[in-house]
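Novice: Handing you this structure, nothing more for now.
The values are calculated or read from the model by the stated rules, or taken from the named source; none is laboratory data. Here the structure is a predicted model, which is why all the values come from computation and not from measurement. Note that we place each Cβ from the backbone using ideal geometry, even for glycine, and neighbour counts take in every protein chain shown. Side chains are part of the model used for accessible areas, which takes the heavy atoms of the whole protein and leaves out ligands, DNA and RNA. Shrake-Rupley method; radii C 1.70, N 1.55, O 1.52, S 1.80 Å.
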Amino acid sequence: MRMSLGPFLGATAVSCLLSACVEPVDATGLAAAEAVDGTGAEATHEARPFEVWAIDQSNTNGLTYGGTLYIYNGARLAGDSPSDAVSAEVIDLGDQTASLCLEQTGANPVRPHMLLFNAAYTHAVVSFVASGHVAILDAATRAPVACLRTSPGADGARQAHAAVPAPDDSYILVANQNGKRIERIATDYAAGTFAWQPDATLDLARCTAPSGDPCQFPGIRPDNAPICPIIDATGTYGFITLRGGGLFVVDPTSTPIEIVGEYDAGAVHGNGCGGIEAGGSMFIDSGGATATNLDQFDVYRFPLAGYAPTNAVNTPRPDVVFSDESTDRDAHGMLATDGGRALWVLDRIRGVAEVFDVETNAHVGTVDLKGPLSRDPSPDLIDTSPSHNRIFVTLRGPTPLSGDPHASVGSTPGVGVINVTRAGRSGTLKRIAPITNKDAGGVERADPHAIRVRRRCSNAGGR
């Protein structure tokens, strides 16, 4: 079962453009605060304070639910002294968040898998992949304000693999993975009101595609568990990756959610989750890490226009930027840096990032994260500092809870800090802030997965 999300999301990645968090940009496309030292490595000065939020999805110690949220001061985590210890604000999701979920849904939340912020960075949206909960936290106070749970879908299953806020903050699109549904939550963050919109639900196990083919069918789209709903910056389209291959482009605001583009497994391989909008396109990856598809590394480039229910299948056809079906490959987290000109795609198995030129689609380098700090980093999800001179990545642990173990086993659970060089086209793992959660028997259970940078906006309030 694929449980991953490449951080990644088109709307989330560009949401700063819709808020007071946008950085001044110089002629090169880099933040004006960014400086370069004599070695070509960017300095750490940031024009605006920021935080790095990361989640260990392993259970709260002694419980069968919960998890732990770590919040780091961004400047300190990104600092120039990698030997300095970096402390974090630690929040037990098995405490207030679990209590609210139990009160509002009758069940405890299990395995906090993904974390994203709304456009104004006032709230965090946490999806619990094992139990199907979506918890919404006030980002300034860290307190949970709402908890909802997906509906039972295919064979009674339900999960919340990824919950993605809309770029205008009017809804959240939820991938109910094993329930094989796309669901929608209406959101009003200022008023504190959040409600399911059941009439909007798209049942991917039972629907009919615009072509007349079943949405799920052997040889076309054999397993329609939705992995990630990636929304473009305008909110016009949602790109829905599927576990068994194929992809749907939807109108996320229609009721019910309407399919406006359909792709089969021959055109788009399965298990994609990384997705980012850059260079006027939507980049999507496909990966391995399931029993039926152990190894995969593809990167596709989709246009941001031209979709209609009357189109032929696989139209408009995406460019294949990169494809490697050799063993021990698993494309996962994705990031655009250097003002959107360089694309990073992580490989958990090989412990590397493949880097591409957004303008030309050319592969411009491989960043190896293995080295003196970690023999097996297993990099999962990824985000960047506001000035793009540091990249933050979750590194998996020795007993991962999601992703086939061959892909996601790591030796150094924690948050990695990459010093970015060559104008966003290379970098070096310079620090690991370790995360630990040992059980009563001394076994390390920590399994960091979700990570996002929160910009301290003028309209975000609080800390």
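Novice: Scan the stretch 112-130 for residues that are touching a helix residue (DSSP H, G or I) at 6+ places or on another chain (Cβ under 8 Å) and among the polar types (S, T, N, Q) and report the count.
Specialist: Of the residues in the stretch 112-130, 1 are touching a helix residue (DSSP H, G or I) at 6+ places or on another chain (Cβ under 8 Å) and among the polar types (S, T, N, Q).
Novice: Which one is farthest from residue 317 (Cα to Cα) among residues in the stretch 264-299 that are acidic (Asp, Glu) and surrounded by fewer than 21 Cβ atoms within 10 Å (Cβ to Cβ)? Break it down stepwise before answering.
Specialist: Quick first cut of the stretch 264-299, residues acidic (Asp, Glu) only: 264, 277, 285, 295, 298.
Then keep just the ones that are surrounded by fewer than 21 Cβ atoms within 10 Å (Cβ to Cβ); that gives 264, 295.
Values: 264: 11, 295: 23 Å.
Among those residues, the one meeting the criterion is 295.
Novice: Quick one: which of 195, 139 is in contact with a Gly (Cβ under 8 Å, 6 or more places away or on another chain) and over 23 Å from residue 270 (Cα atoms)? Full working, then the answer.
Specialist: Details: 195 fails: in contact with a Gly (Cβ under 8 Å, 6 or more places away or on another chain).
None of the other options fit; the residue is 139.
Novice: Suppose we filter 157, 162 for residues that are without any contact (Cβ under 8 Å) to a residue 40 or more places away in the chain and among the hydrophobic types (A, V, I, L, M, F, W, C); which single one remains?
Specialist: Details: 162 fails: without any contact (Cβ under 8 Å) to a residue 40 or more places away in the chain.
After ruling out the rest, the residue left standing is 157.
Novice: Also: Give me a count of the residues in the stretch 172-184 that are open to solvent by less than 10 Å² (accessible area, probe 1.4 Å) and assigned to a loop (DSSP other than H, G, I, E, B).
Specialist: Final tally of qualifying residues: 2.
Novice: Is it fair to say residue 51 is modelled with pLDDT of 50 or more, touching a strand residue (DSSP E or B) at 6+ places or on another chain (Cβ under 6 Å) and not hydroxyl-bearing (Ser, Thr, Tyr)?
Specialist: Working: modelled with pLDDT of 50 or more: yes; touching a strand residue (DSSP E or B) at 6+ places or on another chain (Cβ under 6 Å): yes; not hydroxyl-bearing (Ser, Thr, Tyr): yes.
It is true that residue 51 is modelled with pLDDT of 50 or more, touching a strand residue (DSSP E or B) at 6+ places or on another chain (Cβ under 6 Å) and not hydroxyl-bearing (Ser, Thr, Tyr).
Novice: Can you find, within the stretch 56-77, the residue that is farthest from residue 442 (Cα to Cα) among those that are among the small types (Gly, Ala, Ser) and at pLDDT below 95? I'd like the intermediate steps shown before the answer.
Specialist: Residues of the stretch 56-77 among the small types (Gly, Ala, Ser): 58, 62, 66-67, 74-75.
After this cut, where a residue has to be at pLDDT below 95 as well, the list is 62, 75.
Values: 62: 13, 75: 33 Å.
Looking at the filtered set, the residue picked out is 75.
Okay, residues lined up against (1) at pLDDT below 95; (2) of a type in the set (A, V, I, L, M, F, W, C); (3) under 23 Å from residue 163 (Cβ atoms):
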{"site": "253", "(1), (2), (3)": "no, no, yes"}
{"site": "259", "(1), (2), (3)": "no, yes, yes"}
{"site": "262", "(1), (2), (3)": "no, no, no"}
{"site": "274", "(1), (2), (3)": "yes, no, yes"}
